[in-house]
Amino acid sequence: MAAAASPIKVDAQTDQLISHAAHFLKRSKKEVVDIAIREYIENHRSEIQTAVSQALRQLDGSTASSVALLTGMSRDELDELGGFSKTD
């Protein structure tokens, strides 16, 4: 299955860095970005795993827990705004 291409946007300075790296490494910009992202994720894998684990511990299957996680609001803050029914 072929991977779908998804455009990403970077600022002009980052684009220039990517262009220079691609030129001097004799690679395409796409290859440079692909390699850089894969290396970054590998180097930060434990941080990513910790964040995912923390997020999963916050979810209890309710709408309220999902909204709290997505918004960064506490359950008390959500309740102040009207909250959710016990079935949500």
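The values are calculated or read from the model by the stated rules, or taken from the named source; none is laboratory data. Computed from a prediction, not measured in an experiment: that's the story for all the values here. Every residue, glycine as well, gets a Cβ built from its backbone with ideal geometry; the counts of neighbours run over all protein chains shown.
Below is a table of values for the structure above.
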item: Selected residue (criterion: nearest to the chain's Cα centre (by Cα)) from residues of region 16-47 that are among the charged types (D, E, K, R) and surrounded by 11 or more Cβ atoms within 10 Å (Cβ to Cβ); result: 34
item: Qualifying residue in region 1-22 (condition: at pLDDT 95 or above and within 30 Å of residue 66 (Cβ to Cβ)); result: no
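Condition check ((1) surrounded by 11 or more Cβ atoms within 10 Å (Cβ to Cβ); (2) at negative phi) across all residues:
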{"residue": "5", "(1), (2)": "no, yes"}
{"residue": "14", "(1), (2)": "yes, yes"}
{"residue": "49", "(1), (2)": "no, yes"}
{"residue": "67", "(1), (2)": "yes, yes"}
{"residue": "82", "(1), (2)": "no, no"}
{"residue": "85", "(1), (2)": "no, yes"}
